[in-house]
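Worksheet for the structure shown next.
The values are calculated or read from the model by the stated rules, or taken from the named source; none is laboratory data. Predicted model, so just to flag it, every value in this text is computed and none were measured. Here Cβ is always computed from backbone atoms with ideal geometry, including for glycine, and neighbour counts include all displayed protein chains.
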Amino acid sequence: MENHSIWETKVKVEKKEKKLIDKTDIVIIGGGITGITTAYFLMNENKKVTLIDKSTIGMGISSKTTAKLNYLQGNIYQKLEKNFNLQTSKLYFDSQKEAINLVNMIITKEKIECDLEKCDSYIFTKEEKGISKIEREKEILEDWNIKVETVNNLPIPFPIKYGIKVKDTYTFHPLKYIVSLKEIVKKKIDIYENVMVSELTPKGKNWIIKTDQGMIESKYVIVTCHYPFFIIPGWIPIKTYIKREYVNASKLNDHKKNFTAINIDSNLHSIRFYKDYIIYGSNQHRLTNKIEYQDHYQQSQIDFKRLFSKEPEYTWMNQDIMSNDHLPFIGKVDKKHPNLLIATAFNAWGMTNGTIAGKILSDLILKKENQYEKLFNPMRINKTGIINSLVGTLYYSKVYFQTTVKKNPVFYNDHVYIIKINGKYYGVYYDNYGKKHIVDHKCPHMKCNLVFNNEEKTWDCPCHGSRFDIDGNVIEGPANYSIHVTFEEN
Ligand SMILES: Cc1cc2nc3c(=O)[nH]c(=O)nc-3n(C[C@H](O)[C@H](O)[C@H](O)COP(=O)(O)OP(=O)(O)OC[C@H]3O[C@@H](n4cnc5c(N)ncnc54)[C@H](O)[C@@H]3O)c2cc1C
């Protein structure tokens, strides 16, 4: 069984280092689907654009997605109707349709080979109480002239209560798409990989971008690093939370279909196909709520075997940022700094939202009007957002208690434990060869205590999702500094 996503095996990624430039017009931080799409829309605009990534372009969250290119996103439209109104909901729908068209346009224009396929998509419920929600989603979509069919089954044996189907959605290979875009974009802009940005400081109307390989000055900064590494401006940690999902994939015999399906109930089931493979996401949870990660990996594999009578060939975990009011944050992050832009909290729909973000962010910089600017405004305040932020704070407090005060013994064993030296806590891990690896036990982002993820051998922040390898190097932000420590005895 491979412990990485199905996409990562197919695409060769190169590593090359070069000296950082001093000054530029626009710095884009982070080259996932969002950053690379933004770069694509800016590359012919007579501006000096620099894209920086702490690792290799495309190898962040976008390399572990299930890559459904879809506007049928659970029961999002009635959620937005409830939180805002039907007009807001329709505008979000339009943005998702436009994003799908943009991806199609880019693929056709640039002749990108990334296994794009048109397919049917389903949303379904496994519960009686979900039926009325599916019905409402159907009504809304039909009012917007979408052809919707009701169903009582999926095209594969998979028990559902009720569902709907639409026909005009897509799937693709995310890494082939991103790497092809990188090849196009790099002819016009500077790309730096393996460069970590750690701080931004205003200097007059410009920004000084501090990286682990020097400073750059830029007029605009676009932060597309999944989770912005600063707390102010934006207050993203308060306005969002993290959801994790466990994904398994395997070849199905005699399989010749392609469709996507996702349910609207609290226990997630997400299905798509890639060539002969079925890709199944399940066991989703809010990061703060269930921190015994190993159980989830195991349960997701057990579920996969039970449902599809196959051992998983690939198994992996991924996490995305969820906004408390169900809309992403895309645009200017505060009034004082109009040349600092962000795009985050895609609510596990970043293939479309990352794409539309690329268009919105580039339009903002080029001073073009964009009809979605207000919809995704990161400075918006609303009742649902505030209430859910308060609930989120309670969850953060709970996990802080579990990891700091109680020091939950579930995480610690002969190989992993916490030591206190001169009043400071360190995490210790002994690898299979008996070598000791010591890290700072606190995440540099907001000082949360880390939890050892025994399945992937990483130190994970149970609050905001930062992840570190056993030597303390950052795998995933928002942390922007390593937690590496050295002791003489090590
Ligand atoms: C299990 C799962 C399934 C999903 N399935 C779907 C789906 O079917 N359809 C869909 O639309 N969406 C899906 N999503 C959501 C989607 O995958 C994400 O929203 C999207 O990939 C996020 O893209 P991004 O560009 O914002 O982030 P990333 O792809 O993570 O890119 C950010 C980049 O920034 C870099 N970076 C980070 N910090 C720094 C720093 N300090 N300095 C320099 N560089 C930095 C990283 O190395 C990375 O390359 C899914 C999410 C999950 C968790």
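Structure above, values below:
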{"read-out": "Where Thr34 falls short, out of the listed (1) away from the ligand (no atom under 16 Å from the Cβ); (2) part of a helix (DSSP H, G or I); (3) closer than 21 Å to Thr211 by Cβ", "value": "(1)"}
{"read-out": "Qualifying position, being in a helix (DSSP H, G or I), at pLDDT 95 or above and touching a helix residue (DSSP H, G or I) at 6+ places or on another chain (Cβ under 8 Å), among Gly354, Gly392", "value": "Gly354"}
{"read-out": "Test: residue in region 385-392 that is within 16 Å of the ligand (Cβ to nearest atom) and among the hydrophobic types (A, V, I, L, M, F, W, C)", "value": "no"}
{"read-out": "Boolean, Ser121 is over 22 Å from Thr355 (Cα atoms) and modelled with pLDDT of 95 or more", "value": "no"}
{"read-out": "Residue ID - modelled with the lowest pLDDT, chosen from residues in region 430-487 that are of a type in the set (A, V, I, L, M) and assigned to a strand (DSSP E or B)", "value": "Val451"}
{"read-out": "Selection status of Lys374, among the basic types (Lys, Arg) and outside any helix (DSSP H, G or I)", "value": "yes"}
{"read-out": "Residue among Ala343, Ala348 that alone is at positive phi and either of a type outside the set (Ser, Thr, Tyr) or not assigned by TED's automatic domain parsing to the domain that holds Gly465 (or both)", "value": "Ala348"}
{"read-out": "Cross-chain or 6+ apart pairs with Cβ under 7 Å, region 55-68 first and near the ligand (Cβ under 6 Å from one of its atoms), then of a type in the set (D, E, K, R)", "value": "Ser55/Glu193; Ile61/Asp320; Thr66/Arg272; Lys68/Arg272"}
{"read-out": "Residue within region 227-239 that is within 12 Å of the ligand (Cβ to nearest atom), β-branched (Val, Ile, Thr), within 30 Å of His445 (Cβ to Cβ) and touching a residue at least 24 places away in the same chain (Cβ under 8 Å) present", "value": "no"}
{"read-out": "Search result, residues across region 37-54 that are within 13 Å of the ligand (Cβ to nearest atom) and surrounded by 24 or more Cβ atoms within 10 Å (Cβ to Cβ)", "value": "Thr37, Thr38, Ala39, Leu51, Ile52, Asp53, Lys54"}
{"read-out": "Evaluation of Ile291 against (1) more than 17 Å from the chain's Cα centre (by Cα); (2) at pLDDT 95 or above; (3) of a type in the set (A, V, I, L, M, F, W, C); (4) over 17 Å from Leu154 (Cα atoms) (one fails), failing number", "value": "(2)"}
{"read-out": "Residue match in region 224-236 (condition: assigned to a helix (DSSP H, G or I) and within 26 Å of Met317 (Cα to Cα))", "value": "yes"}
{"read-out": "Positions within region 121-170 being in contact (Cβ under 8 Å) with a residue 24 or more places away in the chain and of a type in the set (Gly, Ala, Ser), in sequence order", "value": "Ser121, Gly130, Gly163"}
{"read-out": "Filter pass, Gln87 being buried (at least 17 other Cβ atoms within 10 Å of the Cβ) and on the phi < 0 side of the Ramachandran plot", "value": "no"}
{"read-out": "Total residues in region 136-176, condition hydrophobic (A, V, I, L, M, F, W, C) and surrounded by fewer than 13 Cβ atoms within 10 Å (Cβ to Cβ)", "value": "0"}
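Table: residues versus (1) charged (D, E, K, R); (2) crowded, with 24+ Cβ neighbours inside 10 Å.
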| residue | (1), (2) |
| --- | --- |
| Asp334 | yes, no |
| Pro338 | no, no |
| Ala345 | no, yes |
| Thr355 | no, yes |
